[in-house]
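Report on the following structure.
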Amino acid sequence: MELYKTNQLKIYNSLSKSKEIFKPIVEGNVGMYVCGPTVYSNVHLGNVRTFMSFDLVFRYLKQLGFKVRYVRNITDAGHLENDADEGEDRIAKKARIEKIEPMEVVQRYTVDFHETLQKINNLPPSIEPTATGHIVEQIEIIKDILAKGMAYEVNGSVYFDVLKYNETEHYGILSGRNIEDSVHNTRELDGQSEKKNPQDFALWKRAEEKHIMRWPSPWGEGFPGWHLECTAMSTKYLGETFDIHGGGMDLKFPHHECEIAQSKVKNKVNPVNYWMHANMLILNGQKMAKSTGNYILPNEIFTGENKILSKAFSPSATRFFMMQAHYRSVLDFSNDALEAAEKGYMKLMEALNNLENIELGLVSSINIGEWKQRCYDAMNDDFNSPVLIANLFEAVKYVNLLLEKKETISAADFETLKNTMNIFVYDVLGLQNNSEENACDKLNGVVEMLIKMRKEARDNRDWALSDKIRDELAVLGIQLKDGKEGTTFSVN
RNA sequence: GGCGUUUUGGCCGAGUGGCUAGGCAGAGGUCUGCAAAACCUCGUACAGCGGUUCGAAUCCGCUAGACGCCUCCA
């Protein structure tokens, strides 16, 4: 039987601001959409945290036996430099600066994005559509919204009429704001805007002469507005209403608010049942962001090449660090915190490696079944990975006590313990065991040490010892090779 | 200025109206030839003030700080 039938999953819904029992539209199936990156620069650790948070969601839903269609877009066009909607396309701007083709920028940073997420062991989504691949769909939505009178065209651009929409719907339902407030509080622009109201957002922007990324449309050549792609792609692949929509907290307003507005006008239904927002990663007391330069790149952590780091940290240690915080909490990044996390992660891995050395008994002195359920309970409670990890450390303690024979475990319980630990550590948290790599490094070190000791023996003309080292290594399949430059070795 | 979130012990971070987070660091002990590891025990907590309650770190109010959004942003 599928686990979701016996485990009641609760998800915090940003829309209702409360934890709700998760019930998918189609039993056993989940449609999930997550706003992906704009590929105009290297993905930083803050971005990674969000995608990792939803990777955890994806992994746990699968663990519960759900069939999940996970859609995450690549924004390769359409994001404007700043609002007032007068800016320049981000991708095009970067391309001009670097004197390369826009799609070259897209390609470079898409590759970087994929490589980084792979290193940190995120599973690829089921579908990863691009904005440029869905221009036609976006134009169709604009036509529809225009036909329904909720948008207007000015000089080859099309804007969504927020105030008109707000007459019958609540623009601000997700972010908890009232349009009236923002009308009063919006800074007066220079009056050059062609929008009826500052709150209106672009569905289509006319391309200026120099603009390289452009597509033909009923309103002339241009490019889509920056909220439209998610509406186009999510509904195309998941339906007019789907189960889960995720993204960073900073996208709640205006991006997700606009998505709701667009969908409600076009399809007359709420697009999403469960809105999930991942919280920010904080560096130096402020959120990581490309625009402010306050960020750290994942590769800098893996190589240790950043002045705030004392050393390099593995992707898994980094992942563990982030999993120790709940996805809806702000997380502070620091070297000390990362070091502490790394030690904990190593301790966990050691226990997993030690599972094989446990001797089985006839009865169990610990309640494994109850422990297992506590692991599921933690994750069922809005994906509470920190509590799950606390439970895994409980298991670490079990393993150590069993090794010291201070507790006993039956064969059946041992299987449960082992399987559950493996499931949660590897499949759900997505951690990887680096011990093989480490062991390899360490073995190399050991052989080098023996070579050094053999050299000392040879220098002392202690041929018996030096030959003994060489021959016994040979028996183990390690051949020493004495050359002019010193001794090397190979493993057969 | 508006909206929202948050404030937990040396550090990172959970959580709940009455009982335990967990990790890292620290102290004592067991074990050990010594050490390490492991195990056991321990400490200093719930921003401040007031209220509700038999009882609040947990609910409410005020004050202070921090953060996020209000402009692209994961």
Original post:
With respect to the numbered conditions (1) surrounded by fewer than 21 Cβ atoms within 10 Å (Cβ to Cβ); (2) within 12 Å of A:GLY156 (Cβ to Cβ), which one is the sole condition not fulfilled by A:LYS205?
Top reply: (1)
Subject >> Of the criteria (1) more than 13 Å from RNA strand B (Cβ to nearest atom); (2) at pLDDT below 95; (3) touching a Pro at 6+ places or on another chain (Cβ under 7 Å), which one A:TYR70 fails >> reply: (2)
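Yes/no matrix, rows are residues, columns are (1) modelled with pLDDT under 95; (2) over 20 Å from A:VAL48 (Cβ atoms); (3) surrounded by fewer than 20 Cβ atoms within 10 Å (Cβ to Cβ):
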site	(1), (2), (3)
A:ASN267	no, yes, yes
A:ALA278	no, no, no
A:LYS290	yes, no, yes
A:ALA312	yes, no, yes
**OP:** Starting from segment A:259-280, take each residue that is of a type in the set (Asp, Glu) and list its partners that are within 16 Å of RNA strand B (Cβ to nearest atom), counting only C-beta distances under 7 angstrom and pairs at least six apart or across chains.
**Re:** A:GLU259/A:HIS227; A:GLU259/A:CYS230; A:GLU259/A:THR231
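With respect to A:ALA412, is the statement that it is assigned to a helix (DSSP H, G or I), over 22 Å from the mean Cα position of the chain (by Cα) and more than 30 Å from A:LEU297 (Cα to Cα) true?
So A:ALA412 passes the test.
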Subject >> Options A:THR38, A:THR75, A:THR50; residue that is near RNA strand B (Cβ under 8 Å from one of its atoms), at pLDDT 90 or above and open to solvent by less than 10 Å² (accessible area, probe 1.4 Å) >> reply: A:THR75
Original post:
How many residues does segment A:379-418 hold that are within 12 Å of RNA strand B (Cβ to nearest atom), open to solvent by less than 50 Å² (accessible area, probe 1.4 Å) and among the small types (Gly, Ala, Ser)?
Top reply: 2
Original post:
For residues in segment A:232-259 being under 23 Å from A:ASN178 (Cα atoms) and acidic (Asp, Glu), which is surrounded by the fewest Cβ atoms within 10 Å (Cβ to Cβ)?
Top reply: A:ASP250
**OP:** Show the residue pairs that are 6+ apart or on different chains and have beta-carbon atoms under 8 Å apart, the first residue being within segment A:324-353 and closer than 22 Å to A:THR420 by Cα, the second being open to solvent by 70 Å² or more (accessible area, probe 1.4 Å) and assigned to a loop (DSSP other than H, G, I, E, B).
**Re:** A:ALA341/A:GLN324; A:GLY344/A:GLN324
Original post:
With segment A:1-65 as the region, which strands (runs of 3 or more DSSP E) entirely inside it contain at least 1 residues that are touching a residue at least 24 places away in the same chain (Cβ under 8 Å), among the acidic types (Asp, Glu) and under 30 Å from A:ARG108 (Cα atoms)?
Top reply: none
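So for segment A:216-233 (the condition being without any contact (Cβ under 8 Å) to a residue 12 or more places away in the chain and on the phi < 0 side of the Ramachandran plot), does at least one residue qualify?
Checked segment A:216-233: at least one residue is without any contact (Cβ under 8 Å) to a residue 12 or more places away in the chain and on the phi < 0 side of the Ramachandran plot.
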Original post:
Name the pairs whose Cβ atoms lie under 9 Å apart, with the first residue in segment A:387-416 and closer than 30 Å to A:MET322 by Cβ and in the same structural domain as A:PHE321 (by TED's automatic domain parsing), the second of a type in the set (Lys, Arg) and within 9 Å of RNA strand B (Cβ to nearest atom), and 6 or more positions between them or separate chains?
Top reply: A:PHE393/A:LYS347; A:VAL396/A:LYS347; A:ASN400/A:LYS406
Original post:
For A:TYR165, are the conditions met, namely being buried (at least 21 other Cβ atoms within 10 Å of the Cβ) and outside any helix (DSSP H, G or I)?
Top reply: no
**OP:** Check A:VAL269 against each of (1) away from RNA strand B (no atom under 14 Å from the Cβ); (2) in a loop (DSSP other than H, G, I, E, B); (3) in contact with a helix residue (DSSP H, G or I) (Cβ under 8 Å, 6 or more places away or on another chain); (4) not assigned by TED's automatic domain parsing to the domain that holds A:LYS236 and name the one condition it does not meet.
**Re:** (4)
**OP:** Might you let me know whether segment A:14-26 holds any residue that is closer than 30 Å to A:LEU338 by Cβ, more than 8 Å from RNA strand B (Cβ to nearest atom) and under 18 Å from the mean Cα position of the chain (by Cα)?
**Re:** no
Subject >> Number of positions in segment A:241-266 that are within 15 Å of A:PRO24 (Cβ to Cβ) and either over 23 Å from the mean Cα position of the chain (by Cα) or in a helix (DSSP H, G or I) (or both) >> reply: 1
**OP:** Look at A:PHE302 and say whether it is out of contact with any Cys (no Cβ under 9 Å at 6 or more places or on another chain), open to solvent by 20 Å² or more (accessible area, probe 1.4 Å) and more than 8 Å from RNA strand B (Cβ to nearest atom).
**Re:** yes
Original post:
Looking at segment A:272-297, which of the residues that are among the hydrophobic types (A, V, I, L, M, F, W, C) and under 30 Å from A:LYS23 (Cβ atoms) is farthest from RNA strand B (Cβ to nearest atom)?
Top reply: A:VAL272
**OP:** Count, please, the residues in segment A:141-162 that happen to be open to solvent by 60 Å² or more (accessible area, probe 1.4 Å) and either outside the structural domain of A:MET32 (by TED's automatic domain parsing) or touching a residue at least 12 places away in the same chain (Cβ under 8 Å) (or both).
**Re:** 4
Subject >> Options A:ALA261, A:ALA207: the member that is within 16 Å of RNA strand B (Cβ to nearest atom) and among the small types (Gly, Ala, Ser) >> reply: A:ALA261
Original post:
Across segment A:334-378, which residue is farthest from RNA strand B (Cβ to nearest atom) among those that are open to solvent by 70 Å² or more (accessible area, probe 1.4 Å) and hydrophobic (A, V, I, L, M, F, W, C)?
Top reply: A:LEU362
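The values are calculated or read from the model by the stated rules, or taken from the named source; none is laboratory data. Note that this is a predicted model, so its numbers are computed, not measured. Ideal geometry is used to build each Cβ from the backbone, glycine not excepted, and the neighbour counts take in all protein chains shown. To get the accessible areas, we keep the full protein, side chains included, count just its heavy atoms, and leave off ligands, DNA and RNA. Shrake-Rupley method; radii C 1.70, N 1.55, O 1.52, S 1.80 Å.
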